[in-house]
Structures are given as structure tokens and as C-alpha cells.
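Accompanying notes for the structure given below.
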């Protein structure tokens, strides 16, 4: 027999033996916690997006004073992927072909990309960086990488890897909305 002076049994329940909150109350509390977390995630993504757009604007201007951030994004994809068809480029970034075509025409006019016959389909063309385009992107991306190094210098490598994993996981959630899978992840949309 247990002694009442020893207190309630070690069941995790109050002395009455009834949970302090009902499952419905726990579900409501969990929903509130999830909603709060989602609000924070939404706010942080919005903040990150605005800052990323500002950085893209600055980077694009480093490549060429008249370049729009969208064109810089295309150059980044072309540099990472190598020769790519316009259709695949549009799919890769989730933008319509007319918009991509307009940006590619601009990039061609300033000598950063050129089109060549696609070796797999003579009717199609692949877009690739010119030597000048490769040099400009190399300079700008090296500077950007150095900026990341400085900003994240105090982060342990494990945290950087975790951040990269979570960002990849988040990005993969948007693949269902018409964006191509990240080609650097191995499964390309080409």
C-alpha cells in the first residue's frame, strides 16, 4: 500500500487521475503552436525573399548596369547547368518562355550568352555563356560566396549543413507548383 503522504502516484496525471487537458484542448493548443510557428516561418521567408531580391539586384548590376535581377538568375542557372534549351530554362525557374526569351535576347545583346544548335535536336537551340559571361559570373559569384563566408563565419559547419538541408527541403515543397526539381540534386527536368 502506498502512503497518501507520499503524494500522487507517478503516472504523470494530477491527483484526480484525469489528464489536466482533454485531447480536444491539447489539439487546440497544438494548432495554436503550429499556427504561431507558421506565422513566424511566413514572416522569415518574406523577409529573406525581400533581402534576396535586393542582393539579386545588386549582383545583377555588378554584371551589367542595365541588367535586371531575373536575367542574373538565368545566368546563374546557365552557369550551373551548362548549355540548356530555352524551354528547359523556363521550366527550371518556373517562369514563362516569353519572359525568359526576352531576358535571353538582352543577355545576347550584351555579349553574355549565345545560342547554338542543340546536338540532340537540330531544330532546337541551346543557350550557353560566352567567355565574357563566364568571367563576369565567376567574379560576381566569388564575391557573393566571400560575403556568405563573412556573414556566416561564426556558424558551425553542422549548422550550415542543417540550414542547407532545410532550405532544400523547403524548396522541394514548391516543386509541385510547376517549378522544376533542383537539377543540382541529381534528378533534372531536362
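The values are calculated or read from the model by the stated rules, or taken from the named source; none is laboratory data. Here the structure is a predicted model, which means the values were calculated and not measured. Note that each Cβ is placed from the backbone with ideal geometry, even for glycine, and that neighbours are counted across all protein chains shown.
Odds and ends about this structure:
- Residue in the stretch 55-65 that is exposed (fewer than 11 other Cβ atoms within 10 Å of the Cβ), in contact with a helix residue (DSSP H, G or I) (Cβ under 8 Å, 6 or more places away or on another chain) and modelled with pLDDT under 95 present: no
- Close pairs from the stretch 153-169: first free of Cβ contacts under 8 Å to residues at least 24 places away in the same chain, partner surrounded by 10 or more Cβ atoms within 10 Å (Cβ to Cβ) and assigned to a helix (DSSP H, G or I), Cβ under 9 Å, at least 6 apart: 155/163; 168/185
- Test: residue in the stretch 81-93 that is more than 20 Å from residue 59 (Cβ to Cβ), at pLDDT 95 or above, over 21 Å from the mean Cα position of the chain (by Cα) and surrounded by fewer than 20 Cβ atoms within 10 Å (Cβ to Cβ): no
- Of all residues in the stretch 160-190 being at pLDDT 50 or above and either in a loop (DSSP other than H, G, I, E, B) or in contact with a strand residue (DSSP E or B) (Cβ under 9 Å, 6 or more places away or on another chain) (or both), the one that is surrounded by the most Cβ atoms within 10 Å (Cβ to Cβ): 180
- Residue in the stretch 100-113 that is in contact (Cβ under 8 Å) with a residue 12 or more places away in the chain, within 30 Å of residue 163 (Cβ to Cβ) and either touching a strand residue (DSSP E or B) at 6+ places or on another chain (Cβ under 9 Å) or surrounded by 12 or more Cβ atoms within 10 Å (Cβ to Cβ) (or both) present: yes
- Residues in the stretch 128-141 that are under 24 Å from residue 58 (Cβ atoms) and touching a strand residue (DSSP E or B) at 6+ places or on another chain (Cβ under 7 Å) were compared, and the one that is surrounded by the fewest Cβ atoms within 10 Å (Cβ to Cβ) is 130.
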